[in-house]
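I have placed the structure first, in the form of structure tokens, so that the comments after it can refer back to it.
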Amino acid sequence: MDHMAHISTEREAKSDFNAYAVSADQIATFGGEPRRDVPLTRTVETAALLADLSISESTFTLPATPTFEACASAFARGTLISTVMGPIAVEDLIPGDLIETHRGPEPVVWIGSTNYLPNFRGDTTSLTHLLRLPGFGMNQSDLLLGPAARLVVRQDRFTDLLNCDAVLAPASDYVDGDRVLKVRPQGPVQLFHFALRRHGIVRANGHEVESYHPGRVSAAEIGSSVRGMMQSMFTHLDELEAFGDLAFPRTTRTVIETLRVA
């Protein structure tokens, strides 16, 4: 993210597996399939808004697993995000920008970026494909999402059953071969995700999509080493629990369909 200003730190997170790991860039450069016994890694670039309003940019080498890939792979380059200044391409956002959310304007406090690569394959990675949705609203382009992105689903029944008017469900649950497609671009695609001061719902090419939130992050649930690496990524926070509460409950399409007929 070379457009970022006021860089205060730059560092690379490493762990013991890195000495033997195969990166996405190496696979993209040399082609072919990685060895099954070699851990896969991804490069993730981040920018965080610190308490003194400076911006800290960092580069991390991380395991190519869904937990880490989800941090930086919701929106493809070119996605228009609704802000108080109008629609802005996701790659042009910087920490401090005010995003329109379901609760009003919220500042971007963290941005992560990585790449979808067509030759990157392995047992652990989730970025083997992307999702394409038709643009929602007048003159909106199609929306290209990473497989971990979640959409807002609204139903009148939710208020009585769940005490809220919406839930969050994986966009991948709605792949139907018609309006929501699983696609595998033949070239690299730069992907982004961002966190707000409070978890919120943003508009991306007209669709309601959640901002980044790691979900449950206790060491018992994700492991102490994974938690430690995640903590190092979010330099604007003292602890991962500072992400706060989810804006709406997370669930699946299957559960939503069950509620619909209950």
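Points to keep in mind about this one:
- Long-range tail of P(r) for region 167-211 (Cα pairs > 16 Å, %): 57 percent
- Alpha-carbon centroids, region 202-262 and region 124-152: separation in whole Å: 18 Å
- Per-peptide average of other Cβ atoms within 10 Å, ordering 127-135, 214-222 highest first: 127-135, 214-222
- Of the residues Ser172, Pro118, Pro107, the one whose Cα sits farthest toward the positive end of the charge dipole of region 77-185, with +1 on the Cβ of Lys and Arg and -1 on the Cβ of Asp and Glu, is Pro118.
- Across every direction, the projection of the convex hull enclosing the Cα atoms of region 184-262 has a mean area of 8.3 nm².
- Rounded to the nearest whole Hz, the Karplus-based 3J(HN,Hα) values (6.51 cos²θ - 1.76 cosθ + 1.60, θ = phi - 60°) of region 168-182 follow the sequence 10, 10, x, 4, 5, 5, 9, 4, 10, x, 10, 8, 10, 10, 8, with x at glycine and proline.
- Cα gyration tensor, region 118-230 - rounded (a/c under 1.5), prolate or oblate: oblate
- Solvent exposure, largest accessible area first (probe 1.4 Å, DNA, RNA and ligands not counted), of Ile81, Ile88: Ile88, Ile81
- Placing pseudo-labels 7 Å out from each Cα toward the beta carbon at Val255 and Arg157 gives an inter-label distance of 1.5 nm.
- Under 5 Å, built H, 5+ apart or other chain: amide partners of Arg197: Val109
- Sorting 184-195, 141-152 by average packing, meaning the other beta carbons within 10 Å per residue, from highest down gives 141-152, 184-195.
- Candidates per trypsin sites (Lys or Arg not before Pro) in region 155-213, loop by DSSP, up to 10 other Cβ within 10 Å: Arg179
The values are calculated or read from the model by the stated rules, or taken from the named source; none is laboratory data. Everything numeric here is computed off the predicted structure, so don't read it as measured data. Cβ atoms come from the backbone with ideal geometry, glycine included; neighbour counts cover every protein chain shown. Ligands, DNA and RNA are stripped out before the accessible areas are found, and what is left, the full protein with its side chains, is counted by its heavy atoms. Shrake-Rupley method; radii C 1.70, N 1.55, O 1.52, S 1.80 Å.
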